[in-house]
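Here is the structure we will look at, set down as structure tokens.
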């Protein structure tokens, strides 16, 4: 939900629509309201709820004519049910898209690592879906690794993506040493951080931002193929 | 107005607000509707007018609560007056922002090169403002250079930004040989193309997308400093 994560999502949405020119790309409206209360603080501490601000951003998009919704912030999906209720358009879920992507990479029964905020772990956003799909889940447990994730996110948010990536690399290595078959980069700051630092995990990794962008692009391309329907 | 140019603008808007965390970044709503008729074909040939689609995109942003407008497409500014008429919010002009930027780089009297679509040249978007500010203007004249600009824009729009940048490099060199003191990269596909190809002009250059983003960020930071006012 950081503004850079929004831009990262939009770039991945464009990349997900192979096109000879502008007109082959999915139209979009986007809202980035970074003054929203911290999602992490609301879940783990006693922070203000971001729900009113999330509803406000959703309603801006609906007023602007959005016919399909997506929210490139993992932790904010804690409020997904509240946001998806009572609206007339589909709302794609980032962890559903990422779990579908995991299933194309590694067989059920494998252990999948998840890098995410403490709040995302606490609400079981990925573990619930991955376990339902038949995977074992490994999350960072070492206090230093957990701190590295938090510090890396803060570094990306203050504009130093490469420094964030170097912090995330430590956590990637720790999960790899534990024998994970794949890693879900379950916070939107992680993929641009690793990319800026030039670091690629040794095992297959899933970028939920990219998975969500591809799911949106696929929905748009399907709708475009049906005259009279819009997505 | 290509979707990648929109993402380039948003990334530059974020970079223009130095911030310790999310909340220091300007909130934004964005609309990218790449199915809009070609601006170049409407000006130079007998193509459909993009004005209804531009008004539609503007009205989506106003419905979403935008309180300051900007349009990161040079050629589309041919319809700026029609779009800025009858609305209650300020609408920053990309060539004003770029001309202000030129003035901080080179003294009046200097010759400034402009790389842009044939349509942008035809409507005098930059030449009128630069001449009013006391500059001489040089534009590509060689047929091969003009073709390289058009081909480079098409390459960026189809996703091959580096190939576009290599085509633009030929035009940059031609302008430098003619002794320009600075170059305006007056089509939004040019800066990301040159960046992807790793090419930097030898003379100072002005990126109108970046200038517009900085002008938006400055307006937001000024408004934020005045309690009760929003930009």
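Residues to consider are A:39, A:58; find the one that is in contact (Cβ under 8 Å) with a residue 40 or more places away in the chain and touching a helix residue (DSSP H, G or I) at 6+ places or on another chain (Cβ under 8 Å).
A:39
Of everything in the range A:11-26, what is touching a residue at least 60 places away in the same chain (Cβ under 8 Å) and crowded, with 19+ Cβ neighbours inside 10 Å? Give them in sequence order.
Across the range A:11-26, the qualifying residues are A:12, A:13, A:16, A:17, A:26.
If a residue has to be modelled with pLDDT under 90 and either within 28 Å of residue A:122 (Cα to Cα) or facing another protein chain (nearest Cβ under 7 Å) (or both) to count, how many in the range A:6-33 make the cut?
Number satisfying all stated conditions: 5.
When you scan the range B:113-152, how many residues do you find that are assigned to a helix (DSSP H, G or I) and either touching a strand residue (DSSP E or B) at 6+ places or on another chain (Cβ under 8 Å) or touching a residue at least 60 places away in the same chain (Cβ under 8 Å) (or both)?
The total comes to 11.
Consider the range B:70-90. How many of its residues are within 13 Å of another protein chain (Cβ to nearest Cβ) and surrounded by fewer than 16 Cβ atoms within 10 Å (Cβ to Cβ)?
Adding up the residues that qualify gives 0.
Could you look through the range A:34-69, keep only residues that are modelled with pLDDT of 95 or more and at the interface with chain B (Cβ under 8 Å from one of its Cβ atoms), and pick out the one that is nearest to the chain's Cα centre (by Cα)?
A:61
Can you tell which of A:184, A:180 is outside the structural domain of residue A:27 (by TED's automatic domain parsing), touching a strand residue (DSSP E or B) at 6+ places or on another chain (Cβ under 7 Å), at pLDDT 95 or above and assigned to a loop (DSSP other than H, G, I, E, B)?
Details: A:184 fails: assigned to a loop (DSSP other than H, G, I, E, B).
Result: A:180 is the single residue among A:184, A:180 that is outside the structural domain of residue A:27 (by TED's automatic domain parsing), touching a strand residue (DSSP E or B) at 6+ places or on another chain (Cβ under 7 Å), at pLDDT 95 or above and assigned to a loop (DSSP other than H, G, I, E, B).
Hey, residue B:100 hits all of (1) in the same structural domain as residue B:136 (by TED's automatic domain parsing); (2) part of a loop (DSSP other than H, G, I, E, B) but one; which does it fall short on?
(2)
State whether the residues of the range B:110-117 include one that is modelled with pLDDT of 95 or more, within 14 Å of chain A (Cβ to nearest Cβ) and either closer than 23 Å to residue B:34 by Cα or touching a helix residue (DSSP H, G or I) at 6+ places or on another chain (Cβ under 8 Å) (or both).
no
The values are calculated or read from the model by the stated rules, or taken from the named source; none is laboratory data. On a predicted model such as this, the values are computed, not experimentally measured, just so you know. Ideal geometry is used to build each Cβ from the backbone, glycine not excepted, and the neighbour counts take in all protein chains shown.
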